[in-house]
Amino acid sequence: MANVDRDRRVHVDRTDKRVHLQPSYEDDVGFGGYGAGSDFKSRGPSTNQILALIAGVPIGGTLLTLAGLTLAGSVIGLLVSIPLFLLFSPVIVPAALTIGLAVTGILASGLFGLTGLSSVSWVLNYLRGTSDTVPEQLDYAKRRMADAVGYAGMKGKEMGQYVQDKAHEARETEFTTETHEPGKARRLIS
């Protein structure tokens, strides 16, 4: 509980969780010693405050300018792309929903299967009496999840490289077609 002594010091009980308001005094106005008895001209800004102002104003101004330019560019890009979205929305929206639902379903089924298998495994180990302590199981699960994430990342990179190679091969494919003269072929390179 807060107790106010005659010399205006406040003693606070740190174990008390209630909110206490300090009494206001007429001669104690403001913060940081800028009350009625202090002199404003004798206390100027410190060197650190001046340096912070000198460094902060240009940096803050630059960042605000970049934020404004980014916002303006985003709005202009949105205004330009709205007609395209409206024109192609009968194709884009169902395709995006189908792909999103398919990916969500695949991920959910994998997570449900993993959860089910790990639950069955834990129950069997518990019934056999070979289960480890909970912290050891959590560490093991963390390691397995980290391995699974690393494996998925590696497979994703491999698939990306495969798709990139196939696209490169498709660009370099030569097409041959027959001309009107039998026995002669013309090569077209795309």
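Gyration tensor analysis over the Cα atoms of region 50-89 returns equivalent ellipsoid semi-axes of 38, 5, 4 Å (largest first, whole Å). Out of every Cα-Cα pair in region 135-174, what percent are more than 15 Å apart? Tail fraction, whole percent: 60. Compared with the alpha-carbon gap, the fully stretched path from residue 98 to residue 82 is longer by 3.6 nm at 0.36 nm per residue.
Estimate the FRET efficiency between residue 148 and residue 75 by the formula 1/(1 + (r/R0)^6), using the beta-carbon distance for r and 45 Å for R0, to the nearest 0.05.
On the way: r = 41 Å, r/R0 = 0.92.
Efficiency, from the Cβ-Cβ distance: 0.60.
For region 50-89, which whole-number percentage of the solvent-accessible area (1.4 Å probe, protein heavy atoms only) is attributable to carbon and sulfur atoms? Write down the numbers at each step before the final one.
Details: 2880 of 3240 Å².
Here it works out to 89 percent.
The values are calculated or read from the model by the stated rules, or taken from the named source; none is laboratory data. Just so it is clear, the model here is predicted, and its values are computed rather than measured. Don't worry about glycine lacking a Cβ; one is built from the backbone with ideal geometry, like all the others, and counts go over all protein chains shown. Each accessible area value is taken on the protein alone, full model and side chains, heavy atoms only, with ligands, DNA and RNA left out. Shrake-Rupley method; radii C 1.70, N 1.55, O 1.52, S 1.80 Å.
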